[in-house]
Amino acid sequence: MAKLLGIDVGSTTVKVCVLGEEGKILYSSYVRHFSRVKECVLGELEKIRPISDTFKACITGSAGLGIAQRGKIPFVQEVQAAYGAIRKLYPDTDAAVELGGEDAKIIFVTGGTEQRMNGSCAGGTGAFIDQMATLLNLTVEEMDALALKAERVYPIASRCGVFAKSDIQPLLNQGASKADIAASIFQAVVDQTVSGLAQGRRIKGKVLFLGGPLFFLKALRKAFKTTLGLDDAHAIFPDTAPCFMSIGAAMYANEEREESLEELASRLSVVSDGENIAVGEPLFASQEEYN
């Protein structure tokens, strides 16, 4: 059986997954690309070389369409990739919440399938959390640890980083503890997701939580569980959460043709740095056309 390769190119990270027989995960990774998308993807392809010489491949992710088009690799939309993996791996899921670097999404599975995703603003996502940690002069890990010690939560806007800073700076000036502010930031992310995406539809039953922030940040997990009133049996945080979309992409790759890793790498290597995240052709093909 051909090995299945899924590549999830997000706004801040690259996730890669290789599936073998019966969907067994042979390799998975989650790395920040720091806007060097092509180099990061090629680096991950080097790591999977010992697994096989040939793969069926598929790309997904908010920043994956451009590199998929120019590398001539099949692409699947990330919500579709997530939905396919959910139906296969967690068929009893009622809803899924996923937070990425600059996007958030909710997939309702039961009670009428519905998929909702935020717009182009990064408010209430991983990038927002990074910004707030910088404002507090903390690492994200330090902010997470502090938030677990909080004694109270303040209302903070998370729709926009500028608004959030306007709420946080007075609290710092008034001597509010960083632990309380950290917990307030995570609660703001939860409120933004629930109010902005759920829009009145209840997130209930068995809920799957996906994405890097919801896997690595315990305080964010706690805030979601408390807000939604979920116990441990209904709040599912899978070990595969950070690379879940790449698993879905690998599943979709099963319908594609098998090709060598060398061929995949050579096509990706000719993608120029400026084309990593582009999703369409230039408006003008030349200076003459522009004139």
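Here Asp167, Asp231 are placed in order of increasing Cβ neighbour count within 10 Å, fewest first, which gives Asp231, Asp167. By DSSP, the beta bridges lying fully in segment 93-237 are antiparallel in about 60 percent of cases. Each of Leu228, Leu261, Ala85 was scored by the projection of its Cα onto the charge dipole of the chain, and the greatest displacement toward the positive side belongs to Leu228; charges sit on the C-beta of Lys, Arg, Asp and Glu. Per-residue ellipticity at 222 nm, computed for the chain from helices alone with -39500 (n - 2.57) per DSSP H run of at least four residues, works out to -11500 deg cm²/dmol. From the Kirkwood radius over Cα pairs of segment 152-206, Stokes-Einstein at 4 °C and 1.567 mPa s returns a whole-number translational diffusion coefficient of 108 µm²/s.
Stretching Asp232 away from Ala265 to a fully extended chain increases their span by 7.6 nm, per 0.36 nm per residue minus the current alpha-carbon distance. For a straight C-alpha distance cut-off of 16 angstrom, the aspartates and glutamates reachable from Lys38 (same-chain residues fewer than eight places away being disregarded) are Asp8, Glu46, Glu262, Glu263, Asp273, Glu275. No solvent, one uniform scatterer per C-alpha: report log10 I(q)/I(0) for segment 93-237 via the Debye equation at q = 0.10 1/Å, two decimals. Per q value, in the given order, log10 I(q)/I(0) is -0.31. In the Gaussian network model of the chain, springs joining C-alpha atoms below 10 Å, which of Ala104, Ala82, Ala145 carries the largest mean-square fluctuation? Highest fluctuation among the options: Ala145.
Taking other C-beta atoms within 10 Å as the exposure proxy, Thr125, Thr240, Thr60, Thr110 rank Thr110, Thr240, Thr125, Thr60 from fewest upward.
For segment 125-177, the alpha carbon convex hull comes to 80 Å³ per residue, rounded to a whole number. The ratio of the alpha-carbon radius of gyration of segment 169-235 to the globular-protein estimate 2.2 N^0.38 Å is 1.24. Working note: Karplus 6.51/-1.76/1.60 with θ = phi - 60° gives segment 136-152 the couplings 7, 6, 10, 7, 4, 5, 5, 5, 4, 5, 5, 4, 5, 9, 5, 10, 8 Hz, where Gly and Pro are set to x.
Building the convex hull from the alpha-carbon atoms of segment 1-141 and averaging its projection over directions returns 10.1 nm². Counting only Cβ charges, +1 for Lys and Arg and -1 for Asp and Glu, the dipole size of segment 93-237 around its Cα centre is about 320 debye.
Applying a DSSP loop filter and a limit of 10 other Cβ atoms within 10 Å to the GluC sites (Glu not before Pro) in segment 104-207 leaves Glu151. Placing +1 on each Lys and Arg Cβ and -1 on each Asp and Glu Cβ, with no other charges, gives the chain a dipole about its Cα centre of roughly 820 debye.
Taking other Cβ atoms within 10 Å as a rough exposure proxy, Glu262, Glu78, Glu289 sort from fewest to most as Glu289, Glu262, Glu78. Subtracting the Cα-Cα distance of Arg32 and Glu288 from 0.36 nm times their residue separation leaves 88.3 nm of extension gain. Nearest-5 percent of antiparallel DSSP beta bridges in the chain? Taking every DSSP beta bridge with both residues in the chain, the antiparallel ones total about 65 percent. The Cβ shell under 11 Å around Asp180 holds other residues with a net charge of +2, Lys and Arg each +1, Asp and Glu each -1.
Since every read-out is calculated from the coordinates, none of them should be taken as a lab result. Given the structure is predicted, the values throughout are model-derived calculations rather than measurements. Note that each Cβ is placed from the backbone with ideal geometry, even for glycine, and that neighbours are counted across all protein chains shown.
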